[in-house]
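Just so it is clear, none of the values below were taken in a lab; they were calculated from the coordinates. Fair warning: this is a prediction, and the values are worked out from it, not measured in the lab. When we count neighbours, we look across all protein chains shown, and the Cβ atoms used for this are built from the backbone with ideal geometry, even at glycine.
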Amino acid sequence: MDTISIVRPKHNARRALFLQYFLMGFIFSSLLSRYPGIRELYGMSIAELSFVPFSMSIGSLLAMPLCVFFLAKYGSKTLSAMGYVYMAMIPFLALMPNLMALYFMSACYGMCVSMTDVSVNGNSIILENAYKRPIISMFHALFYVGMCSGALLSIAFISFEISVFLHFAMISVFALCLFYYIRTFFLKETPSYETHKGGIKLLLPKGILLLIAFIALLGRIVEGSVSSWSTVYMKTVADFAENWAPMGLAIYSAFMSLGRFGGDMVRSRYRDSFILVGCCFVTMVGLLVMISGEAFYFAFIGLFFAGIGMSCLVPIVYSLAGRQKGVSPGMGIAMVNTISGTGFLFGPTVIGVIADAYGMRYSFMYVLSLVCVMAVLTLIYRSKEK
């Protein structure tokens, strides 16, 4: 990390990143909580709704070569300015004239979110390296505190019959004002000429980083699927009213955040590979409980275990990617995201198709099967680490 030059105090950067992760979770949850409303607004089936996150994933993938280039040339703090763009785009997701326009806007939105996400995660790895101890799980915990807060606020907005557009517009203004303040405290690294002199190109992970990338791929599918579809699941399977349907997302987010608050302490006592294996098996239990019955308590208990199980997986994977030799933290994460970013190609779309044909419970069986594959990959990683 000899190329890194810290130009802001570490404690200010840490507080800023706390707020940034909270803000990103808050925005994400607000969007997910209004999926039933977006579905009604555009008159979509569940399969058609699934193409909204699918389009976002396409945009995310298209952004990956740009992420690698701009991170290497300008650094994570400069790239994080894309946050202004995606936060300003939120209300337009409720204003599109037709589905094709919505899908195009979703792809543009996903591209900007991906650039912001990679830059912020890269900045958090820089700070973790500066602290010389695990702190990244705490950041990701704040993401899910933001998600829980966004879901609870959405319940209030839906109960008061606030439109999707007005909801998104208020979130956008709040996010832009807060982001303008906190971004000034991000750490700044000195880019290396050698890493970007080849221009824009797609860099793929190799070796152990490739295995980490596939674990991240499955982790993002599972985490994204449960987050994205829990509200629809609560409405269609548990038969909750639309204004209370985000309660499932709130429960999942709450226990994701609790697990991540304790994640750094757990990581200081156990090896990352051991924790990854444990995460997979706890998540398997949660999904098994969730699909075993239609009563709301099956969903609540299942989301509790799934939240605890998935809580530490992504922070550990990002931390491992950011600590690989020969690449900067941001570039390591960007290369892993090149593979893991395809998660939304396989997740929401397949879930939407299965849900339309057989129901949401069967679609979550597909998610469970992916957790089983992820458990096998974490066991392989654990064997290679020894």
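Coupling constants for the range 376-381 follow from the phi torsions by the Karplus curve (6.51 cos²θ - 1.76 cosθ + 1.60, θ = phi - 60°), and in residue order they are 5, 5, 5, 5, 5, 4 Hz; glycine and proline get x. Here the extension length gained between Tyr74 and Tyr181 equals 36.5 nm, from 0.36 nm per residue of separation less the Cα-Cα distance.
Each residue of the range 159-172 was assigned a 3J(HN,Hα) from its phi angle through the Karplus expression (A = 6.51, B = -1.76, C = 1.60, θ = phi - 60°), giving 4, 8, 6, 6, 5, 4, 4, 5, 4, 5, 5, 5, 4, 4 Hz with x at Gly and Pro.
Take the Cα atoms of the range 52-183, build their convex hull, and give its volume per residue in Å³. Before the final figure, lay out the partial values.
Details: hull volume 15.1 nm³, N = 132.
It is 115 Å³ per residue.
Going through the cross-link list Lys10/Lys188; Lys206/Lys384; Lys73/Lys188; Lys132/Lys188; Lys10/Lys77; Lys132/Lys384, which pairs have a Cα-Cα distance over 22 Å in this structure? Result: Lys132/Lys384 exceed 22 Å. Does the range 244-310 come out rounded, prolate or oblate, given a ≥ b ≥ c as the square roots of the eigenvalues of its C-alpha gyration tensor, rounded meaning a/c under 1.5 and, failing that, prolate meaning a/b above b/c? Oblate. With semi-axes √(5λ) of the Cα gyration tensor in Å defined as stated, name the option among [x] 31, 24, 19; [y] 35, 26, 21; [z] 46, 30, 23 computed from the structure displayed. Of the labelled values, this structure produces [x].
Summing charges over neighbours of Val266, with a neighbour being any other residue whose Cβ is under 14 Å away from its Cβ, gives +3 when K and R count +1 and D and E count -1. With θ taken as phi - 60° and the Karplus curve 6.51 cos²θ - 1.76 cosθ + 1.60 applied, the whole-hertz 3J(HN,Hα) list for the range 218-232 is 5, x, 5, 4, 5, 4, x, 5, 5, 5, 5, 10, 5, 5, 5 Hz, x standing for glycine and proline.
Spin-label model, Asp239/Ser292: points 7 Å from Cα along the beta carbon direction are separated by 2.1 nm.
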